[in-house]
1. Can you find a residue in the stretch 69-91 that is in contact with a Lys or Arg (Cβ under 8 Å, 6 or more places away or on another chain), part of a strand (DSSP E or B) and free of Cβ contacts under 8 Å to residues at least 40 places away in the same chain?
2. Within the stretch 11-25, work out how many residues are over 25 Å from residue 75 (Cα atoms), modelled with pLDDT under 85 and buried (at least 16 other Cβ atoms within 10 Å of the Cβ).
3. When you check residue 43 against the structure, is it surrounded by fewer than 23 Cβ atoms within 10 Å (Cβ to Cβ), free of Cβ contacts under 8 Å to residues at least 60 places away in the same chain, out of contact with any Cys (no Cβ under 8 Å at 6 or more places or on another chain) and among the polar types (S, T, N, Q), yes or no?
4. Suppose we keep only residues that are part of a loop (DSSP other than H, G, I, E, B) and among the aliphatic types (A, V, I, L, M) within the stretch 92-140. Which one would you say is nearest to residue 171 (Cα to Cα)?
5. I'm trying to understand the selection: among the residues of the stretch 93-111, which are surrounded by fewer than 18 Cβ atoms within 10 Å (Cβ to Cβ) and either modelled with pLDDT of 95 or more or farther than 16 Å from residue 140 by Cβ (or both)?
6. Filter the stretch 48-62 for residues that are at pLDDT below 95 and either within 11 Å of the chain's Cα centre (by Cα) or outside any strand (DSSP E or B) (or both) and give the result.
7. Out of the residues in the stretch 130-144 that are more than 12 Å from residue 89 (Cβ to Cβ) and of a type outside the set (Ser, Thr, Tyr), which is surrounded by the most Cβ atoms within 10 Å (Cβ to Cβ)?
8. Count, please, the residues in the stretch 63-79 that happen to be under 15 Å from residue 103 (Cβ atoms) and buried (at least 17 other Cβ atoms within 10 Å of the Cβ).
Amino acid sequence: MATRNAKTAKVNDNLEWNDLLKTEQKGRLRASLTDGSILSVGSNSELRVVQHDAASQQTSLEMNLGKVRSKVVKVTQPGGKFEMKTPNAVIGVIGTDFYVGYNGNQTTVICYTGKVWVAPIGNAKVVKNSGESTQNQIQVSAGQMVVITSEVPPAGFEPQTTTPELQRASIEDTSVPDPLPAVPHPHLVRNIILGVGVAAVGWTVGVTQLGSSGSPSTTGCSPQNPKCR
C-alpha cells in the first residue's frame, strides 16, 4: 500500500509541494518529475516532496525513512540544484543515478553513475567511505558508497567499496515493476494489474502493491498541478 498525506494514493490524485509519500511493507512507488528525473521508492519508506520546479531546476526532497533510487537529469540552470536530505545527511547531485537509504540513524548512499556530494548534518559522522573526502563533504563516484550515522561505533571509520551484490540488492529494493500487457484471460492477472494512470504534464506516480504470491499489483496517480510544472 502507498499513501499521500495519510490517504491511499489513487488514480488522478494531485501531488503538491510538501506532500508526504509513504509506502508500507507490500507497497512501492515511482514518480516521474517534470524535468525527466525519476524517483523509485522502496517498501516501508517515507519521502517528502519539499520542492520541485522544472523550469529553474530546483528540487528538494526529504527521506525520513526507507529507500529511494533517484535517476536525475543533468542540472544546467544557473543556481539549479537537486538535493535530498535525511535526518543526518545532505545529498546533492548535478545529474546521476544513485540510491539513498535511511534507517536506525544511518544514511547509506550508493552511486551507480555520475557523482554525488554527501555532507553529514550536526554531530553525524562518516563510518564507511570509499569516496573522496574534503573538509566539508564527500564526493562519491560510480561504484562507491558512504555511510553516515549519528551513533558512531567503536570501530569508527571503515573504507568500503560497493560490491556487485550490494548494488544489485539496492536496485532490487527500489525496483517498481512496469504494468504488464493485456492477456486473453484477464482473470489470470487480477492480482497483478489494478490500474494505470499517465499524466501529460506534472508528476506521474505509479504505485505498486506486492500480492500475497509476490506478484506486483500496480495503480497510478497523475497529478497536473501548476506548482509542479
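1. First, the residues of the stretch 69-91 that are in contact with a Lys or Arg (Cβ under 8 Å, 6 or more places away or on another chain): 75, 91.
Going one step further and asking which of them are part of a strand (DSSP E or B), we end up with 91.
From the residues that got through so far, the ones that are free of Cβ contacts under 8 Å to residues at least 40 places away in the same chain too are 91.
Within the stretch 69-91, one or more residues are in contact with a Lys or Arg (Cβ under 8 Å, 6 or more places away or on another chain), part of a strand (DSSP E or B) and free of Cβ contacts under 8 Å to residues at least 40 places away in the same chain.
2. Residues of the stretch 11-25 over 25 Å from residue 75 (Cα atoms): 11-14, 22-25.
If we keep only those that are modelled with pLDDT under 85 too, we end up with 11-14.
Those still in the list that are buried (at least 16 other Cβ atoms within 10 Å of the Cβ) too: 13.
Within the stretch 11-25, residues that are over 25 Å from residue 75 (Cα atoms), modelled with pLDDT under 85 and buried (at least 16 other Cβ atoms within 10 Å of the Cβ) number 1.
3. Numbers: surrounded by fewer than 23 Cβ atoms within 10 Å (Cβ to Cβ): yes; free of Cβ contacts under 8 Å to residues at least 60 places away in the same chain: no; out of contact with any Cys (no Cβ under 8 Å at 6 or more places or on another chain): yes; among the polar types (S, T, N, Q): yes.
Against the criterion (surrounded by fewer than 23 Cβ atoms within 10 Å (Cβ to Cβ), free of Cβ contacts under 8 Å to residues at least 60 places away in the same chain, out of contact with any Cys (no Cβ under 8 Å at 6 or more places or on another chain) and among the polar types (S, T, N, Q)), residue 43 does not qualify.
4. Step one: filter the stretch 92-140 for residues part of a loop (DSSP other than H, G, I, E, B), giving 94-96, 104-105, 114, 121-124, 130-131, 134-137.
Checking which are among the aliphatic types (A, V, I, L, M) leaves us with 94, 121, 124.
On the way: 94: 20, 121: 26, 124: 26 Å.
Top of the filtered list is 94.
5. Answer for the stretch 93-111, where residues must be surrounded by fewer than 18 Cβ atoms within 10 Å (Cβ to Cβ) and either modelled with pLDDT of 95 or more or farther than 16 Å from residue 140 by Cβ (or both): 103, 104, 105.
6. The answer is 48, 49, 54, 55, 56, 57.
7. Taking the stretch 130-144 first, the residues more than 12 Å from residue 89 (Cβ to Cβ) are 130-136, 139, 141-144.
Pick out the ones that are also of a type outside the set (Ser, Thr, Tyr) and you get 131-132, 135-136, 139, 142-144.
Details: 131: 22, 132: 12, 135: 4, 136: 8, 139: 15, 142: 16, 143: 15, 144: 20.
Among those residues, the one meeting the criterion is 131.
8. First pass over the stretch 63-79, keeping only residues under 15 Å from residue 103 (Cβ atoms): 63-68.
Right, trim to buried (at least 17 other Cβ atoms within 10 Å of the Cβ) and you get 63, 66-68.
So the count comes out to 4.
The values are calculated or read from the model by the stated rules, or taken from the named source; none is laboratory data. Nothing here was measured: the structure is a model prediction, and the numbers come from that model. Positions of Cβ are generated from backbone atoms using ideal geometry, with glycine treated the same way; all protein chains shown enter the neighbour counts.
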